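Only one structure is covered here, and it is reproduced in the block below.
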Amino acid sequence: MDRLIQKAARDLVDSQYSIALTGAGISTESGIQDYRGPSGLWTLNPEAERRAYRSYDEFMKDPGEWWEATVANMQKGTFGMGNMSEAEPNAGHYILAELEKIGIIKCVITQNVDSLHEKAGTKNLLEYHGSVVKYRCLSCGKRYRRDEFDMQKLYREGKLPPLCPECGGVIKTDGVFFGEPIPSDVAEKSLEEAWKCDLMLICGTSAVVYPFAALPRAAKERGIAVIIEVNAEPTPLTEDGISDYLIQGMIGEILPRILEEVKKLRE
C-alpha cells in the first residue's frame, strides 16, 4: 500500500487537471446510514423505500399534494434523512478540500446528498444527485437554501407548492428522485470535467449507479486520464480495467497519507 500511496501522490503532483469523484463510502465514515445495508434506512423502514420510488411520479402529478404530505410528515418527525443533519465531515472530506485549496484538485463531483463536502470547505463542487440542504426550481433550475422558505408557514396558509421567486416555477427538493433526470446543468458540467481531467481520484463509490458511473468511463475513453480508486472493495471499474490502480482501505486513512506525500513532493 505504501508504494501505491506514493504513486498516487506523484501522479497528483504531476497532473495538470485532477478531479475527484465521491460516493457513499466517504459518507459512511462520517456515520451516515446507508440505505440497503443491515442497518440501512430502507432496511429498517421498507415503506420509506417504497415511498422513495413513488415520489417523482407523485410530485409531478400534484406538487401541492406532495408538499402538503411532506410537510405534515416533517411535523410528525417521520420524514427525514436519517442522521444526515447531525453528521460532520470526516478526514476524507477535509483532505479533498485541502487538495483543492493547494491547487491539486480542481473539482469534486459527488453522488452524495449530505452536503458534507460543502461543510468541509470544497468550493468547486458538483452535487450530482442534489443536496438535502437545498431546493431547486423545476423551471429555471435556480437553487435555494432550505432556510429561504418557511414551509411550515406556507403549509398553514395553504400556499403549497412553494414557487420560485425568480420565475414563478414550482420548487422541489434538490435531491434527485428515482426516475427524475439529472439536472442538465450538473450533468453537462460533470461530463465536461470528466473530459477535461488528466487524473480522476475516485473515492468510495461502488460505480454501479448510472449515469454517474459513466463518468470514469468517459474520462478513460479520452486516453489521457490516470484513474485512481480509493475504495474498501474492488468495483466494476477495477474489474473492467477502467481504473489504473486501486488503493484498498478506508478513505479517511488513505487520503491523509496521500496528502502528506503530496506535500513532501512539493517542498
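Of all the numbered requirements in (1) at positive phi; (2) touching a residue at least 60 places away in the same chain (Cβ under 8 Å); (3) buried (at least 18 other Cβ atoms within 10 Å of the Cβ), Gly179 misses one, and that requirement is (3).
In summary, strands (runs of 3 or more DSSP E) completely within segment 124-182 and bearing 3 or more residues that are under 15 Å from the mean Cα position of the chain (by Cα) occur at 125-127.
Determine, yes or no, whether Thr122 is closer than 22 Å to Glu29 by Cα and either touching a residue at least 24 places away in the same chain (Cβ under 8 Å) or touching a Cys at 6+ places or on another chain (Cβ under 8 Å) (or both). Here the answer is yes, as Thr122 does meet what is asked.
A quick yes/no check of all residues on (1) assigned by TED's automatic domain parsing to the domain that holds Leu96; (2) closer than 23 Å to Ala9 by Cβ; (3) surrounded by 22 or more Cβ atoms within 10 Å (Cβ to Cβ):
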{"position": "Val209", "(1), (2), (3)": "yes, no, no"}
{"position": "Ile224", "(1), (2), (3)": "yes, yes, no"}
{"position": "Pro236", "(1), (2), (3)": "yes, no, no"}
{"position": "Ser243", "(1), (2), (3)": "yes, yes, yes"}
{"position": "Gly252", "(1), (2), (3)": "yes, yes, no"}
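No other residue among Ala219, Ala214, Ala232 is in the same structural domain as Leu126 (by TED's automatic domain parsing), at pLDDT 95 or above, under 19 Å from the mean Cα position of the chain (by Cα) and surrounded by fewer than 16 Cβ atoms within 10 Å (Cβ to Cβ) apart from Ala214.
The set of residues in segment 214-248 being touching a strand residue (DSSP E or B) at 6+ places or on another chain (Cβ under 9 Å) and farther than 25 Å from Ile182 by Cβ consists of Val226, Ala232, Glu233, Pro234, Asp244, Tyr245, Leu246, Ile247, Gln248.
The values are calculated or read from the model by the stated rules, or taken from the named source; none is laboratory data. Since we're looking at a predicted model, the values are computed, not measured. Note: ideal-geometry Cβ built from the backbone for every residue, glycine included; neighbour counts use all protein chains shown.
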